[in-house]
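What follows is a single structure, written as structure tokens, with notes after it.
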Amino acid sequence: MPIALLLCVVVPVLLRGQYQIFGRMPDTVFFAATGASIAVIAAFILVRRLYSFPGIQTGAYTLVTVSLPYAALAVTFLIFRFDYSRFILIASYVFALGWFTVIQWINERVVRPHLAVVPGGNADDVLAIDRVRWTALPAPDSPLPHVGGIVADLRSDLSDEWEKFLADTTLRGVPVYHTKQVMESLTGRVQIEHLSENTFGSLLPNLIYIQAKQVVDWVAALILLPFFGLVLAVVGPMIRLTSDGPVFFRQPRVGYRGEEIIVYKFRTMTDNKSGHGDREAAQTKDDDGRITSVGKVLRKYRIDELPQIINILKGEMSWIGPRPEAVPLSVWYEEELPFYRYRHVVRPGISGWAQVNQGHVVASDDVLEKLYYDFFYIKYLSFWLDCLIVLRTIETMIRGVGSK
């Protein structure tokens, strides 16, 4: 942070040549330097918060996380008509973008966590995860290399010697992590074996944030309603002209707290009855012959999901959350997968943590993995995680990947 402020604030001011050490700084320089300082600090916080989540070990989002604070700053200056130095602001942005890009590159290519693993229980499972340098400890009395922490299955039946070793290393200031904690932080998935263990600390997520989020969802949906009207004016006739059937596809799905809701989408298939009771019909397979030519484009760029603004305005859905499943699929998954119903503890979303990490799946084995992603989202539900999912959703829409 100090280097970022020096490079992105002080250097542009010096390059402008208007900084007076013994005298009053011009207002244009003062406003630009103050605003640039705020933008750099905000970018620093954004980068730290978003990149703390698993699967974001790349610099792909540096451009967005750095650009957003400077864009907000420019809008603020425009609204309040502050007189500022454009040179300083633009130079600060360019330097900030370069600085944070270099830092992220170093984190990806050079910095690699080094953790030691105590054998026993499920500890060996972490060794299959890359992005970490692992050292398996052969015995409690073996020399301990310089590591950032110790990983052990604290629920396994460790010997007295290993327990003494863990206690001694903790006293020396070396942190000890439970394998489950490490697996969650590296994979972005949470597995629940027994609800009685209460691994979430509380089985209810942050209720205050959920209520605030619903208000933001509703306001955002209301603002985007005119845009939805424009898309409907273009997409609606295309759907009607290329295939028989209505513009909208309405499907019963399981929503918040297990209640059945009707989800709205642009119709992308010739068969409008899929998902109304038949498990096979509710599944979208690879190269599904029911998908129309217009439907392929709508699905690829997720435009078919846009009518769910109606569900958000009705309070049934959120922009971000676990995807609601068709009723026959939900019944099937509840029979096959333990704790499946727990995902209904939050409102379903148009996009979610599982969708940006896994894409569209229907097989029970893949759904179990999706369930782990949903549990991670519920456990770590926060403003920052939602922001990250929004960014990754935009990336997915632009690239058009992961759809069926």
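The values are calculated or read from the model by the stated rules, or taken from the named source; none is laboratory data. Remember, predicted model here, so these are calculated numbers, not experimental data. Don't worry about glycine lacking a Cβ; one is built from the backbone with ideal geometry, like all the others, and counts go over all protein chains shown.
Looking for something assigned to a helix (DSSP H, G or I) and of a type outside the set (A, V, I, L, M, F, W, C) - is there at least one such residue anywhere in the range 123-136?
Kept after step one, since they are assigned to a helix (DSSP H, G or I), are these residues of the range 123-136: 123-128.
When the remaining residues are screened for being of a type outside the set (A, V, I, L, M, F, W, C), the result is 124-125.
Among the residues of the range 123-136, at least one is assigned to a helix (DSSP H, G or I) and of a type outside the set (A, V, I, L, M, F, W, C), which makes the answer yes.
I need the full set of residues from the range 214-261 which are more than 23 Å from the chain's Cα centre (by Cα) and in a strand (DSSP E or B), in order please.
Matches in the range 214-261: Phe248, Phe249, Arg250, Gln251, Pro252, Arg253, Glu260, Ile261.
What are the residues in the range 176-186 that are farther than 15 Å from Asp124 by Cβ and modelled with pLDDT under 90, if any?
Within the range 176-186, Gln181, Glu184, Ser185 qualify.
Here are the criteria: (1) touching a helix residue (DSSP H, G or I) at 6+ places or on another chain (Cβ under 6 Å); (2) more than 30 Å from Pro2 (Cβ to Cβ); (3) of a type in the set (Gly, Ala, Ser). Tell me which single one Ala116 does not satisfy.
It is condition (1) that Ala116 fails.
How many residues does the range 87-122 hold that are of a type in the set (D, E, K, R), free of Cβ contacts under 8 Å to residues at least 24 places away in the same chain and in a helix (DSSP H, G or I)?
Summing the residues that are of a type in the set (D, E, K, R), free of Cβ contacts under 8 Å to residues at least 24 places away in the same chain and in a helix (DSSP H, G or I) in the range 87-122 gives 1.
Would you mention how many residues in the range 98-126 are crowded, with 16+ Cβ neighbours inside 10 Å and either of a type in the set (D, E, K, R) or in contact with a Cys (Cβ under 9 Å, 6 or more places away or on another chain) (or both)?
Looking only at that region, the number is 1.
Looking only at the range 324-354, which residues are within 16 Å of the chain's Cα centre (by Cα) and either more than 26 Å from Pro226 (Cβ to Cβ) or acidic (Asp, Glu) (or both)?
Scanning the range 324-354 gives Val346, Trp353, Ala354.
Report, by residue number, each residue of the range 63-85 that is over 15 Å from Thr34 (Cβ atoms) and at pLDDT 90 or above.
Across the range 63-85, the qualifying residues are Val66, Ser67, Leu68, Ala71, Val75, Leu78, Ile79.
Give the residue, chosen from Gly289, Gly315, Gly277, that is at pLDDT below 85, out of contact with any Ser or Thr (no Cβ under 9 Å at 6 or more places or on another chain) and in the same structural domain as Glu259 (by TED's automatic domain parsing).
Working: Gly289 fails: out of contact with any Ser or Thr (no Cβ under 9 Å at 6 or more places or on another chain); Gly315 fails: at pLDDT below 85.
It is Gly277.
Kindly indicate which of Pro145, Pro140 is free of Cβ contacts under 8 Å to residues at least 40 places away in the same chain, out of contact with any strand residue (DSSP E or B) (no Cβ under 6 Å at 6 or more places or on another chain) and assigned by TED's automatic domain parsing to the domain that holds Val182. Please lay out each step first, then the result.
Details: Pro145 fails: out of contact with any strand residue (DSSP E or B) (no Cβ under 6 Å at 6 or more places or on another chain).
When all the criteria are applied, what remains is Pro140.
Tell me, which residue of the range 340-391 that is of a type in the set (S, T, N, Q) and out of contact with any strand residue (DSSP E or B) (no Cβ under 8 Å at 6 or more places or on another chain) is farthest from Arg323 (Cα to Cα)?
Ser382
Output the number of the condition that Asp83 fails; it satisfies all remaining conditions of (1) of a type in the set (Asp, Glu); (2) farther than 26 Å from Tyr380 by Cα; (3) assigned to a helix (DSSP H, G or I).
Result: Asp83 fails condition (3) only.
Consider only pairs whose beta carbons are under 6 Å apart and that are at least six residues apart or on different chains; among these, list those whose first residue lies in the range 380-397 and is under 10 Å from Phe53 (Cβ atoms) and whose second residue is surrounded by 15 or more Cβ atoms within 10 Å (Cβ to Cβ) and charged (D, E, K, R).
Sorted first by the residue in the range 380-397, then by its partner, the pairs are Trp384/Arg49.
Scan the range 310-320 and tell me whether some residue there is hydroxyl-bearing (Ser, Thr, Tyr) and out of contact with any helix residue (DSSP H, G or I) (no Cβ under 6 Å at 6 or more places or on another chain). I'd like the intermediate steps shown before the answer.
Pass one, the range 310-320, residues hydroxyl-bearing (Ser, Thr, Tyr): 318.
Narrowing further to those that are out of contact with any helix residue (DSSP H, G or I) (no Cβ under 6 Å at 6 or more places or on another chain): none.
No; the residues of the range 310-320 include none that is hydroxyl-bearing (Ser, Thr, Tyr) and out of contact with any helix residue (DSSP H, G or I) (no Cβ under 6 Å at 6 or more places or on another chain).
Could you identify the single residue in Glu305, Glu334 that is in a helix (DSSP H, G or I), farther than 27 Å from Asp244 by Cβ and of a type in the set (Asp, Glu)?
Glu334
Looking at (1) free of Cβ contacts under 8 Å to residues at least 24 places away in the same chain; (2) closer than 28 Å to Tyr51 by Cα, which is the one condition that is false for Arg290?
(2)
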